[in-house]
Amino acid sequence: MRYPSFTQMALVGLCFCPLFSARAQTTAPATPAAAPAPAAKPAAPFPGYINQYARAADPSLKAWDFGVAVRLREEVKNGAGTTDAGSNWDFSERPQDDNENEYQLIRIMPRIGYNNPGVFSFLVEARSSYSLNDERYQPTAPGYNLPENDGPLDLHQVYVTVGGGKESPLSLKAGRQELVYGDQRLVGHARWLNVPRTFDGAKLRYDTPTLAVDLFSAGVVYTKDGALNQSNFQDLFSGLYVTLPKFSKTDLVEGYLFNRHVSRAIVTDDWSEIPAPGRNPAPQDLYNLGVRVKSKPNARGPWDYTVEADYQFGNRTAVFPATPPAAALIAPELDQSAYAVIAQLGYTWPKGTPWSPRLAVYASIASGDSNATDTKSGTFQNLFPSNHLLYGAMDLTGLQNARDLRFSLTTKPSAKLTLNLEVNLQSLDTTDDYWYNAAGAPRNFTGAAVGSGKGYRINPSYGSTLGQEVDLLAGYAVTPGALLEAGYSHYFRGDYIKDSLAAVGSKDADYFFLQFTLNL
């Protein structure tokens, strides 16, 4: 197993420390992304040293926001993950399958913003993202097969907001913006990625103490290295999200309806410079109806819970990033009927307990398809999630033909140090469907016959257990504006992986990361 170059990371950090500054914006917390420990009065986010200094010197600058966020990360993948071999050969022992990768990620995000609550606000946030020594690089592949490389400078967010505040319950936010709802299982910014997700569009919000309603319509922005990223309004994502803050004294109730409409004509567009997995979206007209109920902070003593249920309907095609345009144009339309259910229960030990432990259990189920040869689809579509840490830090599986039972233990040995132990027990919902990677693409080696043990296919006779992932994560707040994080993960492969690769050999997989975030 190869280990990361700490010297290289340290040198990069020393080079950038004096040049860039930013607000505190922990993009990949070591603690679980969903259902944080209850807190009576959460501390306000650190504004960043530039803002802190400027506002202290001139109080009139409190409405302004200046900064630059810098994040450095080294990743080591051994056996599975984002490697040159691709997800079709995760866990493979074939000599020709290079499923190891050690690379460095750099992300720099300067911004300027202004906020006059209830009247007008704006944000301009740029981003420069680089992936160094990444073995996924292919000189002839679309976007060089580097989805985490996007330089030298692009626009991440550019939006204006008018209205809202105490004067009016209505506000309008228009421009390039992030969309974040719930635990980000379906809609999130995916800021763990070196190129986070944004949308071009508009969001109308009605907000009162008893009712909040978001109505939005936008196009996802596609990554194109070396050029200004653009959305494609043949791929339109719209939604209605309703929150009832006072429906219950103890619980928060939310309901939503999302629609993703991708025109069939989009497959003939030029995708030659856009890397997978973002390129070549599947033509579809999908609706997602969902409800989410969770306990309010401290409302149920040391206990907290979340329950979320979704039903998808409409139509879709089985088109993926590697599907040729000619095949995508004639891909049959499938009637969608799929579901997902997530339940979480957590317990936080009383204040004063050494290390402030919290234990949580999460159960997630997303339906798979029972018959790949008919005109129906039962495969739940994960839409635009922030999957990292929801189903394991190794990011091998998403909410798609999957069952995941997750145990999470979080402790704080000191005010600055957070430790987290995560265990994920994973299986397929049905072996009549593929095993999909975290980006939603199927692991499908068409060169292997079904049941041959020479590669991942739809193999109904195989066991459904994928395996067990164990994550050890740590985060240390060096200063209010600097966070150091590290993690080690091991994936114990299960019957489905062993059976799929029985003829070629398989092995367990490991993952390590070291990350430094500067918010000066």
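Numerical summary
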read-out: Checking Ser452 against (1) surrounded by 17 or more Cβ atoms within 10 Å (Cβ to Cβ); (2) of a type in the set (S, T, N, Q); (3) within 19 Å of Glu93 (Cβ to Cβ), the condition it does not meet; value: (1)
read-out: Criterion (over 24 Å from Trp435 (Cβ atoms) and in contact with a Lys or Arg (Cβ under 9 Å, 6 or more places away or on another chain)) met by exactly one of Asp304, Asp310, Asp335; value: Asp304
read-out: Residue within the stretch 256-268 that is touching a Gly at 6+ places or on another chain (Cβ under 6 Å), modelled with pLDDT of 95 or more and over 30 Å from Asp150 (Cα atoms) present; value: yes
read-out: Any pair with Cβ under 6 angstrom, 6 or more apart, that starts in the stretch 224-247 at a residue that is closer than 30 Å to Ala299 by Cβ and ends at one that is β-branched (Val, Ile, Thr); value: Val242/Val213; Leu244/Val253; Lys246/Thr210; Phe247/Val253
read-out: Residue in the stretch 215-255 that is modelled with the highest pLDDT, counting only those that are polar (S, T, N, Q) and in contact with an Asp or Glu (Cβ under 6 Å, 6 or more places away or on another chain); value: Thr243
read-out: Tally, over the stretch 52-67, of residues that are closer than 19 Å to Val478 by Cβ and assigned to a helix (DSSP H, G or I); value: 2
read-out: Some residue of the stretch 140-159 being within 23 Å of Pro117 (Cβ to Cβ), surrounded by fewer than 22 Cβ atoms within 10 Å (Cβ to Cβ), touching a Phe, Trp or Tyr at 6+ places or on another chain (Cβ under 6 Å) and of a type in the set (A, V, I, L, M, F, W, C); value: no
read-out: Hits in the stretch 316-351 (condition: part of a loop (DSSP other than H, G, I, E, B) and among the hydroxyl-bearing types (Ser, Thr, Tyr)); value: Thr317, Thr323
read-out: Verdict on Leu518 being within 23 Å of the chain's Cα centre (by Cα), surrounded by fewer than 19 Cβ atoms within 10 Å (Cβ to Cβ) and more than 16 Å from Ser87 (Cβ to Cβ); value: no
read-out: Residue check, Pro277 within 17 Å of Pro385 (Cβ to Cβ), modelled with pLDDT under 95 and either assigned to a strand (DSSP E or B) or not hydrophobic (A, V, I, L, M, F, W, C) (or both); value: yes
read-out: Positions within the stretch 280-297 being surrounded by fewer than 20 Cβ atoms within 10 Å (Cβ to Cβ) and not in a strand (DSSP E or B), in sequence order; value: Lys296, Pro297
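The values are calculated or read from the model by the stated rules, or taken from the named source; none is laboratory data. Keep in mind that this is a model prediction, so the values were computed, not measured. We place every Cβ from the backbone using ideal geometry, glycine too, and count neighbours over all the protein chains shown.
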